[in-house]
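K.L.:
Next up is a structure, given as structure tokens.
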Amino acid sequence: MQIAMETCASLSDDEIIELYFQRSESAIDETDKKYGELVFRIAYNILNDKSDSEECQNDTYLDVWKAIPPTRPRVFGAFIAKIARRISIDLYRHKARKRSVPSELVSSIDELEFCLTDEKNVLESIEVKELARALNTFLKTLSQKQQYIFISRFYFSYSVEQIAREMGSTPSSVYKALEKIKRALGEYLKKEGVDV
Amino acid sequence: MNEKLLDAVGSLDDELLENYFKTKAEFDKNKTRPRLSLQKYISLAACFVLVFAVAITAIIIEFGGPRGGSIGDVGADGNVTPDTSVDEGLGNGLSVSPELYEAMKKAQDVDVLAVIVNSQIIAPNDFNYNGKAFSEYNSAYIELGKVLKKLNELLVDGEYLKYGEALYKDGAPDGTKWTREVYEKTVAYYGDLFDKYIKNGELLENELLGEIKAVENARAELDRTFDEIASAYGSIFAEENLPFFEKISEKAEVNDGKIHLEITKAELQKIASSGDGKYYFTLAE
């Protein structure tokens, strides 16, 4: 499924946010119209299940409804994507305790971990906050395209083929870019780990 | 799955996510723009409908439509049709990278562009590399992907499957209880892997991780082979197609197994209607 971020009929982000501030229920319809596919795709990449993904979609809208107001997101797409990912991962964890969920999330995170296995002790010694800080700092050293590839793969759990399609590139070049990023990240964390 | 890593990745700065969406919008714009251009092109054609109706329609049908296959799809054969800017207004069906699309948009017809000609596909299915057809490498890659998926799933399921029949009779210590049907179906799904990695009520996690790593490595190795195949086929492709480009370009030569062109925008646009969709053009750096 391709993500269609914009349609001619959809409102601007500011207009949608304004609807939330007015407590107009059409805010959710407009959010769904503009970001429904994106939210579904994020959930589906993680959960690999249509009805679970739809459940996450609805929960995401509910959380957005609760959060705005008072929050006024700067970039609505990023705001809603973050909520969708959090909710999907919560559900993933809940379900994974009961039953396996074949998911792109597992392969993407494992893929990221494998690039660090040589330095596993380093990884284990770093706390989540410290690791998050290092990741953020590292990502900011990357080019815009590299950041896009990294976030698509490891944050939104897109497959390499999906990323290539989105970028108008080939899977092979996305693979190569990912390998390069992972190597650089491994080295960076190793360096950081020495200081921790 | 490493929960620490999952949480850390989940804590990315808003700034990074905001930039992500800006970049995404740019990619989406590149994908959307050609369609808008096509609409404009059709509208323009409509203005001349009284005079050239039949002729224009025939031209659009002949040269303006998509050239087979969905754009940007990964075919069952593993070859990829790049998700290119197919712009009937700008390039008449020309397959170009987003960067070249932007350059063409800014250029005048007489401006010379430095362009690289690529094959649309890695290689034909029957292309022989080191004694094997490309399709065989591709099947192996797909198969390894399936194995990898199953091994990763077993890492999660194995934590429960290790309890054996107790999982549906008494439940796991954390209270999880499967139905007998789910248990049996899951065991059947894993087949030999179940016997290999679940022994004496234990999941042999380290061994399983070792196999995952080995399969990952095998896939990475195949990925490198794909690059070699692309390069080997690319060189043949370049030599075969060079004569065509020599006739129409200011300059055409093969460097590093690829055709490098210096070509006017107008000439480049002509290729689209004469080519058969086998070329993918990128901007030379």
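K.L.:
I need the calculated FRET efficiency for the pair A:Tyr188 and B:Lys169, taking r as the beta carbon distance and R₀ as 60 Å, to the nearest 0.05.
P.N.:
It comes to 0.75.
K.L.:
Same structure again: Could you tell me whether the range A:13-98 comes out rounded, prolate or oblate from its Cα gyration tensor? Rule is a ≥ b ≥ c as square roots of the eigenvalues, rounded for a/c under 1.5, then prolate if a/b exceeds b/c, otherwise oblate.
P.N.:
Prolate is the answer for the range A:13-98, as a/c is 1.5 or above and a/b outweighs b/c.
K.L.:
On a 32 Å Cα-Cα criterion, which of the cross-link pairs A:Lys33/A:Lys95; A:Lys190/B:Lys199; A:Lys33/B:Lys146; B:Lys146/B:Lys270 come out too long? Numbers along the way, then the final one.
P.N.:
Details: A:Lys33/A:Lys95 28 Å; A:Lys190/B:Lys199 36 Å; A:Lys33/B:Lys146 35 Å; B:Lys146/B:Lys270 43 Å.
Exceeds cut-off: A:Lys190/B:Lys199; A:Lys33/B:Lys146; B:Lys146/B:Lys270.
K.L.:
From Cα pairs below 8 angstrom and at least 6 apart in sequence, can you work out the relative contact order of the range A:13-98, rounded to a whole percent?
P.N.:
34
K.L.:
Listed here are the pairs B:Lys247/B:Lys278; A:Lys180/B:Lys185; A:Lys82/B:Lys4; A:Lys50/A:Lys182; A:Lys191/B:Lys258; which of them are more than 28 Å apart at the Cα?
P.N.:
Listed pairs above 28 Å: A:Lys180/B:Lys185; A:Lys50/A:Lys182; A:Lys191/B:Lys258.
K.L.:
State, to one decimal in nm, how far the label point of A:Glu15 lies from the label point of B:Ile248, with both points 7 Å from Cα in the Cβ direction.
P.N.:
4.3
K.L.:
When only DSSP loop residues count, what GluC sites (Glu not before Pro) in the range B:223-268 have their Cβ near at most 14 other Cβ atoms within 10 Å?
P.N.:
For GluC sites (Glu not before Pro) across the range B:223-268 that sit outside H, G, I, E and B with at most 14 neighbouring Cβ atoms in 10 Å, the list reads B:Glu250.
K.L.:
Ok, one more. Exposure proxy check: B:Arg224, A:Arg41 ranked by fewest other beta carbons within 10 Å?
P.N.:
So the residues, fewest neighbours to most, are B:Arg224, A:Arg41.
Rule-based calculations on the coordinates, nothing more; no lab input. Note that the coordinates shown come from a computational prediction; the quantities given were computed from them, not determined experimentally. As a convention, Cβ positions derive from the backbone with ideal geometry for all residues, glycine included, and neighbour counts pool all protein chains shown.
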